[in-house]
Amino acid sequence: MLTLRIVELTIVTLICAILIRPLLSEIHPYFLWIELIDLALATVFYFIIRAGFLDKWKISISLTASNLLILPLLVISGGVNSQLAFFLPLIPIMAALIGGRLESLVVGFILITAIILATVFGDSIMDLNDHIYSDEKTISRSFWLIITIVFSMIFGRFFLQKYTELTDQLKDENLQDPLTKLLNRRGLSLHFEKELDKTNTDSPLSLMIIDIDYFKKINDFHGHNIGDLCLIEVANILKNALRKNDIIARFGGEEFIAILPKTSKIEAITIAETLRRKVSENTYSELELPLTITLGLTESKPENETTLKIIKRADKALYKGKNKGRNRVELSED
């Protein structure tokens with residue numbers, strides 16, 4: 001888990017700072033207590049996340065824990081004049097990647113507040129390290145740090161927006177049939193489960209399996225390019241003829257599945273006949289080939305229903321329709 005790794009890294013860094021720092025520099029003893037308090041708080045946060053408490057806040061907690069390390073070190077090492085300050089603009093971007101837009105904004109405002117305070121009390125901070133204090137230098141660095149952090153917050157927001165768009169695009173491509181642009185089997189399964197969970201006795205779900213009649217002959221006589229054009233055109237007709245809340249997917253080859261939420265079998269028959277008629281009334285590809293479809297139709301049952309059972313019933317109805325001559329709507333036997 002990423003949040004646990006962040007807090008673990010914070011704890012390890014704090015322990016190293018407590019053990020190694022006295023060997024490298026001498027500073028006021030109360031900074032040891034700051035480090036120990038940081039370590040105690042980070043450890044508490046670690047066990048909170050590990051135990052699963054406040055789970056929805058785990059990312060915010062991990063970012064807070066990491067800042068508990070950064071801000072005291074910023075003070076100890078010279079405030080805005082510290083070499084550590086140059087890493088501060090990276091934190092809002094990291095917060096955007098790990099958490100989101102809100103986390104990036106919160107972390108950015110915390111850092112800006114810390115920089116302002118470090119500027120106001122800059123002479124006291126510099127005295128801790130025996131450095132020469134320069135008011136002009138401190139204000140100049142503070143100004144550019146704040147500007148850079150604001151830019152980092154804005155960049156983090158747009159980066160996150162672009163990342164979300166790309167993720168959504170990949171998700172859509174993963175659930176979409178590349179030829180017909182309908183849902184593929186994976187997309188169908190995802191939507192089917194959700195719709196089935198919503199059904200009840202008063203609100204059944206109907207499903208139809210649609211098969212293009214004698215489609216193999218088209219591929220054999222005219223080639224797969226013409227066959228693909230026919231598939232695309234039939235898919236568009238089916239999609240446009242269905243209602244807004246209906247779901248259609250390419251099930252494989254020349255087969256399609258349509259899910260009709262909150263639709264009884266009687267209502268579904270009318271929709272199925274409309275689909276059958278619209279497909280038979282058109283011609284397809286530049287060769288203007290006539291096509292027909294056969295539809296197997298079923299309705300969900302009130303108890304012990306699964307997606308597999310519904311598809312099997314519709315599939316049996318489909319083959320029954322094929323045996324009866326095709327270009328027809330056939331109901332399943334309940």
Of (1) under 32 Å from the mean Cα position of the chain (by Cα); (2) under 20 Å from Leu196 (Cβ atoms); (3) open to solvent by less than 40 Å² (accessible area, probe 1.4 Å), Leu238 satisfies all except one. Which?
-> (2)
Among what's in segment 272-300 and is buried (at least 16 other Cβ atoms within 10 Å of the Cβ) and of a type in the set (D, E, K, R), pick the residue that is farthest from Ala241 (Cα to Cα).
-> Glu299
Selection within segment 226-284 - over 22 Å from Lys312 (Cβ atoms) and among the polar types (S, T, N, Q) | Asn236, Asn240, Asn245, Thr270, Thr274, Ser280, Asn282, Thr283
If you go through segment 208-228 one residue at a time, do you hit one that is at pLDDT below 85 and either open to solvent by less than 90 Å² (accessible area, probe 1.4 Å) or within 30 Å of Asn327 (Cα to Cα) (or both)?
-> no
Scan segment 241-254 for residues that are in contact with a strand residue (DSSP E or B) (Cβ under 8 Å, 6 or more places away or on another chain), charged (D, E, K, R) and within 20 Å of Lys194 (Cα to Cα) and report the count.
-> 3
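Kindly indicate which of Met126, Met94 is at pLDDT 75 or above and buried (at least 17 other Cβ atoms within 10 Å of the Cβ).
Met94
The values are calculated or read from the model by the stated rules, or taken from the named source; none is laboratory data. What you see is a predicted model; the values in this text were computed from it and never measured. No Cβ is skipped: glycine too gets one built from the backbone with ideal geometry, and neighbour counts run over all protein chains shown. Ligands, DNA and RNA are excluded from the accessible area calculation, which covers all protein heavy atoms including side chains. Shrake-Rupley method; radii C 1.70, N 1.55, O 1.52, S 1.80 Å.
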